[in-house]
Amino acid sequence: MDNNQSFQAGEIIYVIIRNPHAQDVANIQQAAVVHNPEEPGQLALFLHETYYPLSDEFAVFQSEAEAEQAYREAFGISEEGDFFG
């Protein structure tokens, strides 16, 4: 899927991200879709004050509920689990 066709600059989306220091830890983070300042004409994710190319490398969801459902399916967390870091 070409994420650049699915999203528009200004949208708020949700991504599932693994902790780089503990690969068995992941959480849901809110990010913004923005114009990539390093690649004109391309979109990027703005997350943690950093730009990331909008690519299939990220599990991107248009709603918090979709992200939570995918998180539960991937990590087997109960409905009361903590999704956000």
Determine, yes or no, whether residue 8 is at pLDDT 85 or above and open to solvent by 80 Å² or more (accessible area, probe 1.4 Å).
-> yes
Hey, does the range 62-77 have a residue that's closer than 15 Å to residue 7 by Cα and either modelled with pLDDT of 95 or more or not in a strand (DSSP E or B) (or both)?
-> yes
Of those in the range 22-58 that are at pLDDT 90 or above and not in a strand (DSSP E or B), the residue most open to solvent (accessible area, probe 1.4 Å) is 49
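When you check residue 19 against the structure, is it out of contact with any Gly (no Cβ under 7 Å at 6 or more places or on another chain) and modelled with pLDDT of 90 or more, yes or no?
Numbers: out of contact with any Gly (no Cβ under 7 Å at 6 or more places or on another chain): yes; modelled with pLDDT of 90 or more: no.
Here the answer is no, as residue 19 does not meet what is asked.
Does residue 54 qualify as being closer than 12 Å to residue 15 by Cα, of a type outside the set (Ser, Thr, Tyr) and without any contact (Cβ under 8 Å) to a residue 40 or more places away in the chain?
Working: closer than 12 Å to residue 15 by Cα: yes; of a type outside the set (Ser, Thr, Tyr): yes; without any contact (Cβ under 8 Å) to a residue 40 or more places away in the chain: no.
So residue 54 does not fit the description; no.
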Given the conditions (1) open to solvent by 80 Å² or more (accessible area, probe 1.4 Å); (2) within 11 Å of the chain's Cα centre (by Cα); (3) modelled with pLDDT under 90, every one holds for residue 84 apart from (2)
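The values are calculated or read from the model by the stated rules, or taken from the named source; none is laboratory data. All of these numbers come straight from a predicted model, not from anything done at the bench. Neighbour counts run over all protein chains shown; Cβ positions are idealised from the backbone, glycine included. Side chains are part of the model used for accessible areas, which takes the heavy atoms of the whole protein and leaves out ligands, DNA and RNA. Shrake-Rupley method; radii C 1.70, N 1.55, O 1.52, S 1.80 Å.
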